[in-house]
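Here's the structure, in structure tokens; my notes come after.
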Amino acid sequence: MSINRPSTRRVLRAGVALAFGLVLAACGKKEPPPPAPAPAAPAAAPAPAKVYVVGTDAAYAPFESQNEKGEIVGFDIEVVQAIAKKAGFEVKFVNTPWEGIFNTLQQGDRDLVVSAVTITDERKQTMDFSAPYFDAQQLIAVRQDSKVAKFADLKKLKVGVQTGTTGDEAVSKLLGKTNPNIKRFESTPLALKELESGGVDAVVADNGVVIHYVANNPGGKFKTVTDKEFVPEQYGIALKKGNAELLAKVNEGLAGIKADGTYNQIYTKYFGSAPAAPAPAASK
Ligand code: ARG
């Protein structure tokens, strides 16, 4: 065994030298791997500004609709964007079906709802509203050959409305809530298409939307009928009840854009004239 020792040592030495050489060679080629990175230090930058989520039923031109690119556009959108800019907060719009739109506030999925929403005493019990930002009224749409001349003439007819709107309320009052002649649709354009195809005899909806639809669908051969019975309505931006901080910001921004002319600019862009001289609802 002793005879083997020196050779064993030599082999060992050679091995050690070889290993050392390999380490040196490796060192020459590459840095040894860096130690595992230390966990990131807490960010020193302040948290990014909160983006408020705004729900809107974007099938309600000219207030809110989707363009060819799928972007949500319209009068309401520009008003809220201007308010946000004025009051210094950020917004993101999310298309939200009308049915259940107010629940999204309760659930915290939306911070604001802008959707041509009429401020009503009943709604005020479950949500808060900004100061009013638009005057509206119900308007009747019928086919051009219709004999309808006033709201009461709808009593025996089939009437289309968007479910849960103030138009639905008005017609429910006249015809009786459970009257099968009331045809409820999930959107106002769907109700108006049904008018065109003859499925209903009239549609009752917000004047701005009816006028816009009739003007943009000359093939539909519609006309509009006003009635003094329809009470004046005002649109407000809806918030979860008690969200006083955001409500204050919204009202501050709204007052600001009314004072500096931005509101009038947006209004004129969409409705052709300044709100001080409201165009009477068209009637033929
Ligand atoms: N102003 C009516 C209401 O508040 C209709 C609003 C419908 N809005 C909409 N984007 N679909 O009941």
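The values are calculated or read from the model by the stated rules, or taken from the named source; none is laboratory data. Bear in mind the structure is a predicted one, so any value in this text is a computation, not a measurement. Glycine also receives a Cβ, built like all others from the backbone with ideal geometry; neighbour counts cover every protein chain displayed. Side chains included, ligands, DNA and RNA excluded: accessible areas come from the protein's heavy atoms. Shrake-Rupley method; radii C 1.70, N 1.55, O 1.52, S 1.80 Å.
So which trypsin sites (Lys or Arg not before Pro) in the stretch 58-110 end up in coil per DSSP with only 10 or fewer other C-beta atoms within 10 Å?
Here the trypsin sites (Lys or Arg not before Pro) that fit, given the DSSP loop and packing criteria, are LYS69.
Using modelled amide H (1.01 Å from N, peptide plane; none on Pro or chain starts), what sits under 5 Å from the amide H of ILE237, excluding residues fewer than 5 places away?
Long-range HN contacts for ILE237: SER130.
If you take the alpha carbon radius of gyration of the stretch 151-284 and divide it by 2.2 N^0.38 Å, what ratio comes out, to two decimals?
Normalised Cα radius of gyration, the stretch 151-284: 1.24.
Ignoring ligands, DNA and RNA, what accessible area per residue does the stretch 157-212 give at 1.4 Å, in Å²?
41 Å²
Compute the length gained on full extension between GLU186 and THR126: take 0.36 nm times their separation in residues and subtract their Cα-Cα distance, giving the result in nm to one decimal.
The GLU186-THR126 span can extend by a further 19.4 nm.
Using θ = phi - 60° and the Karplus curve 6.51 cos²θ - 1.76 cosθ + 1.60, what whole-Hz ³J(HN,Hα) does each residue of the stretch 231-237 get, with Gly and Pro shown as x?
Each residue's phi maps through the Karplus curve to give 7, x, 10, 9, 8, x, 8 Hz.
Can you send over the carbon and sulfur percentage of the accessible area for the stretch 61-168, probe radius 1.4 Å, protein chains only?
Whole-percent figure for carbon plus sulfur exposure: 45.
Convert each backbone phi in the stretch 101-114 into a coupling constant with the Karplus relation 6.51 cos²θ - 1.76 cosθ + 1.60 (shift: θ = phi - 60°), then list the ³J(HN,Hα) values in order as whole Hz, x for Gly and Pro.
Going residue by residue, I get 4, 6, 5, 5, 6, 4, 7, x, 6, 10, 8, 9, 10, 10 Hz, with x marking Gly and Pro.
Under the Karplus relation 6.51 cos²θ - 1.76 cosθ + 1.60, θ = phi - 60°, what is the ordered set of whole-Hz ³J(HN,Hα) values for the stretch 125-136, x standing for Gly and Pro?
For the stretch 125-136, the Karplus-derived couplings read 6, 10, 8, 9, 10, 5, 4, x, 10, 7, 9, 9 Hz, x marking Gly and Pro.
Filter the GluC sites (Glu not before Pro) in the stretch 202-265 down to the DSSP loop ones having no more than 16 other Cβ atoms within 10 Å, then list what survives.
Passing both the DSSP loop test and the Cβ count: GLU229.
Determine the relative contact order of the stretch 159-284: mean sequence separation of Cα pairs under 8 Å and six or more apart, normalised by residue count, in whole percent.
Computed over the stretch 159-284, the figure is 21 percent.
Show the residues, 5+ positions off or on another chain, whose built amide H is closer than 5 Å to the amide H of TYR60.
SER65
How about the stretch 132-193: which trypsin sites (Lys or Arg not before Pro) there lie in a loop by DSSP and see at most 14 other Cβ atoms within 10 Å?
In loop regions of the stretch 132-193 (DSSP not H, G, I, E or B), the sparsely surrounded trypsin sites (Lys or Arg not before Pro) are LYS147, LYS150, LYS155, LYS156, LYS177.
Which pairs break 31 Å Cα to Cα here: LYS50/LYS124; LYS50/LYS173; LYS69/LYS241?
LYS50/LYS173; LYS69/LYS241
Would you grab the residues whose amide H sits under 5 Å from the one on VAL91? Only those 5+ places off in sequence or on another chain, please, with H modelled 1.01 Å from N.
Those lying under 5 Å, H to H, from VAL91 are TYR52.
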